[in-house]
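Chemist: Submitted below is the structure of interest, expressed as structure tokens.
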Amino acid sequence: MREICRQTGISCNTINAYARCFEGSGRSYEELLQLSDSELAIFVYPRESLKELSARRKYLEDHLDYYYKELKRNGVTREIL
């Protein structure tokens, strides 16, 4: 695990948490490797947080044009927005 942490730059606690989620799935690593990112996310993130993330992402996407336009103005920073 430490080698994975070193190579990826992700903390050992995070790597261990992912490993526990995948081991608890009841699937082999070969089966897990065949899954897409969204299918793997089901094992790692609870359903409620996926809905929350998509709501936050939708809000961000809805406001990106506004943020882009505002940031072009003089004196406007990300902190002000």
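The values are calculated or read from the model by the stated rules, or taken from the named source; none is laboratory data. Since we're looking at a predicted model, the values are computed, not measured. Reconstructed Cβ throughout: ideal geometry from the backbone, glycine too, with neighbour counts over all protein chains shown.
Chemist: Right, SER11: within 19 Å of the chain's Cα centre (by Cα) and small (Gly, Ala, Ser) or not?
Modeler: When the stated conditions are applied, SER11 passes them.
Chemist: Just to be sure I understand the filter: pairs with C-beta atoms under 7 Å, separated by 6 or more residues or on different chains, first member in segment 4-27 and under 22 Å from SER38 (Cβ atoms), second member at pLDDT below 85 and outside any helix (DSSP H, G or I). Which pairs pass?
Modeler: From residues that are under 22 Å from SER38 (Cβ atoms), the pairs are ILE15/MET1.
Chemist: Tell me, which residue of segment 43-81 that is among the polar types (S, T, N, Q) and assigned to a loop (DSSP other than H, G, I, E, B) is modelled with the lowest pLDDT?
Modeler: At the first step, the residues of segment 43-81 found to be among the polar types (S, T, N, Q) are 49, 54, 74, 77.
Still in the running and assigned to a loop (DSSP other than H, G, I, E, B): 74, 77.
Working: ASN74: 90, THR77: 85.
Checked segment 43-81; the qualifying residue modelled with the lowest pLDDT is THR77.
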